[in-house]
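Engineer: The structure is given below, and queries will be raised subsequently.
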Amino acid sequence: MSASRYTYLGPAGTFTEAALRTLPEAATRELVPMVSVPAALDAVRGGEAAAALVPIENSVEGGVTTTLDELAAGEPLMIYREVLLPISFALLVRPGTALTDVKTVTGHPVAQPQVRKWLADRLPESVWESAASNADGARLVQEGRYDGAFAGEFAAATYGLEPLVTGIHDAQNAATRFVLVGRPARPAAPTGADKTSVVLWLAEDHPGALLELLQEYAVRGVSMMRIESRPTGEGIGRYCFSVDCEGHIADRRVGDVLMGLRRVCRDVRFLGSYPRADAGAPSVRPTMTDSAFTEASDWLARCLDGRS
């Protein structure tokens, strides 16, 4: 395995690359752009890279389904950290292009909902076609296939383009969440501000089946931060659930949740416990602290020994 190589959703100039470069270790790694999220993750599975940074969630559009599906299928991988990157687009064009010249535009599919209102107001007659990434859209504009691309302003120099309009976003404070993914290993020690991610498969579909999953979190005071259903490919109505929650697997309440899920689910894929990018510490009720679980466990042991 190449411990010095990180892959990411390319080509050069993507928001993913910008997010990756915020990591301190990126300065000492070979950063390799890949044509897709599956390609970036497969490089890790195949030992060609130590880790991959990929987008997983957007504050406007929600989950990045390609990443969610890749993490749920194939050889298991594990999330080691996350990065939150504020997102603002620029309309990149070839030098000399005026706004009235822009008839065709492109960008990543996740970008479109974030600039839809701007397009309707400023370029209502333009035709949108999706690209593999925002940077790939910039490359296509460079080649003359489209008039404009929605990408990060920083991508302009890479592709010989000009930012015709900057600061484009329909939603204030838009951000994308990225995850650094590697091969499974022992999770890092808890920081007190962590997140745990899993994929869950129902044992059987019956009334209240999803409620049973939710109750495993609720009765232990563990807050769910995200839950999304994804089709399993086994037929209409067959879904798995991608879930993020507050806390670390080493926290007694979170470990107890995972054991409960393992009992009631057909399968549970542990995707990792890792530091939260926002450093937000959970609010834990006194009855759900590690010491409360330890005290209850000690009490049970005394009962079994006839010392209650």
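The values are calculated or read from the model by the stated rules, or taken from the named source; none is laboratory data. Note that the structure is predicted; figures quoted are calculated from it, not measured. Here Cβ is always computed from backbone atoms with ideal geometry, including for glycine, and neighbour counts include all displayed protein chains. We work out accessible area using only protein heavy atoms, side chains counted, and drop any ligands, DNA or RNA first. Shrake-Rupley method; radii C 1.70, N 1.55, O 1.52, S 1.80 Å.
Engineer: Using the basic label-point model (7 angstrom from Cα toward the beta carbon), what is the residue 228 to residue 126 distance in nanometres?
Structural biologist: 2.5 nm
Engineer: Something else: Which ³J(HN,Hα) values in Hz, rounded to whole numbers, follow from the phi angles of segment 130-139 under the Karplus curve 6.51 cos²θ - 1.76 cosθ + 1.60, where θ = phi - 60° and Gly and Pro get x?
Structural biologist: 3J(HN,Hα) across segment 130-139, in whole Hz: 6, 10, 5, 7, 5, 5, 5, x, 4, 4.
Engineer: Which value, in Å², gives the accessible area per residue of the chain when a 1.4 Å probe is used on the protein heavy atoms?
Structural biologist: Here the per-residue accessible area is 47 Å².
Engineer: Ok, one more. Please compute, for the alpha-carbon atoms of segment 89-168, the extent along each of the three principal axes and give them in descending order in Å.
Structural biologist: The principal-axis extents, from largest down, are 27, 25, 23 Å.
Engineer: For segment 86-103, what does the Karplus curve 6.51 cos²θ - 1.76 cosθ + 1.60, with θ = phi - 60°, yield as ³J(HN,Hα) per residue in whole Hz, taken in order and with x for Gly and Pro?
Structural biologist: x, 10, 9, 9, 10, 8, 8, 9, 6, x, x, 7, 9, 4, 5, 7, 7, 10
Engineer: Can you tell me the dipole magnitude for the chain around its Cα centre, using point charges on the Cβ only (Lys, Arg +1; Asp, Glu -1), in Debye to the nearest 20?
Structural biologist: Its charge dipole is roughly 480 debye.
Engineer: With a 1.4 Å probe and all protein chains kept in place, how much accessible area does residue 118 have, in Å² rounded to the nearest 10?
Structural biologist: 30 Å²
Engineer: Test of understanding: what is the full-extension gain from residue 186 to residue 300, defined as 0.36 nm times their sequence separation minus their Cα-Cα distance?
Structural biologist: Values: separation 114, 0.36 × 114 = 41.04 nm, distance 2.92 nm.
Answer, rounded to one decimal: 38.1 nm.
Engineer: In addition: If r is the Cβ-Cβ distance from residue 212 to residue 104 and R0 is 41 Å, what FRET efficiency results, to the nearest 0.05?
Structural biologist: Details: r = 49 Å, r/R0 = 1.21.
Approximately 0.25, to the nearest 0.05.
Engineer: A follow-up question, please. Using each residue's phi in segment 252-259, evaluate 6.51 cos²θ - 1.76 cosθ + 1.60 at θ = phi - 60° and report the 3J(HN,Hα) Karplus result to the nearest Hz, with x for Gly and Pro.
Structural biologist: Rounded to whole hertz, the list is 4, 5, 6, x, 5, 4, 5, 5.
Engineer: Tell me, in nm to one decimal, what length is gained between residue 21 and residue 157 on full extension, where the rule is 0.36 nm per residue of separation less the Cα-Cα distance? Before the final figure, lay out each step's value.
Structural biologist: Values: separation 136, 0.36 × 136 = 48.96 nm, distance 1.70 nm.
Using 0.36 nm per residue and subtracting the Cα-Cα distance, I get 47.3 nm.
Engineer: Compute the label zone of residue 239 within segment 29-61: residues whose backbone N is under 20 Å from the point 7 Å along Cα-to-Cβ.
Structural biologist: Answer for segment 29-61: 56-61.
Engineer: Still on this model: Report the FRET efficiency, 1/(1 + (r/R0)^6), for residue 291 and residue 193, where r is their Cβ-Cβ distance and R0 is 22 Å, rounded to 0.05.
Structural biologist: 0.70
Engineer: Using just the helices of the chain, give the 222 nm mean residue ellipticity in deg cm²/dmol: DSSP H runs with n ≥ 4 each add -39,500 (n - 2.57), and the total is spread over all residues, rounded to 500.
Structural biologist: -8000 deg cm²/dmol
Engineer: Among 209, 37, 15, whose Cα sits farthest toward the positive end of the charge dipole of the chain (+1 at Cβ of Lys/Arg, -1 at Cβ of Asp/Glu, about the Cα centre)?
Structural biologist: Towards the positive end, the residue furthest out is 209.
Engineer: OK, next. Starting from the residue with the highest accessible area, list 32, 198 in decreasing order, probe 1.4 Å.
Structural biologist: 32, 198
Engineer: Kirkwood Rh over alpha-carbon pairs of segment 162-290, then Stokes-Einstein at 37 °C and 0.692 mPa s: what D in µm² s⁻¹, rounded to an integer?
Structural biologist: My calculation gives 199 µm²/s for D.
Engineer: I need the semi-axes of the equivalent ellipsoid of the chain: take the C-alpha gyration tensor, multiply each eigenvalue by 5, square-root it, list largest first in whole angstrom.
Structural biologist: Output for the chain: semi-axes of 42, 20, 18 Å.
Engineer: Between the helical axis of 290-304 and the dominant principal axis of the chain, each derived from Cα atoms, what acute angle in degrees is found, rounded to the nearest 10?
Structural biologist: 30 degrees
Engineer: Give, rounded to the nearest 20 debye, the magnitude of the charge dipole that segment 195-298 has about its Cα centre when Lys and Arg contribute +1 at Cβ and Asp and Glu contribute -1 at Cβ. Please report the intermediate quantities before stating the final value.
Structural biologist: Working: 13 positive and 15 negative charges, 36 e Å.
That gives a dipole near 180 debye.
Engineer: May I ask you to give the percent of accessible area on the chain that is carbon plus sulfur, with a probe radius of 1.4 Å?
Structural biologist: 52 percent
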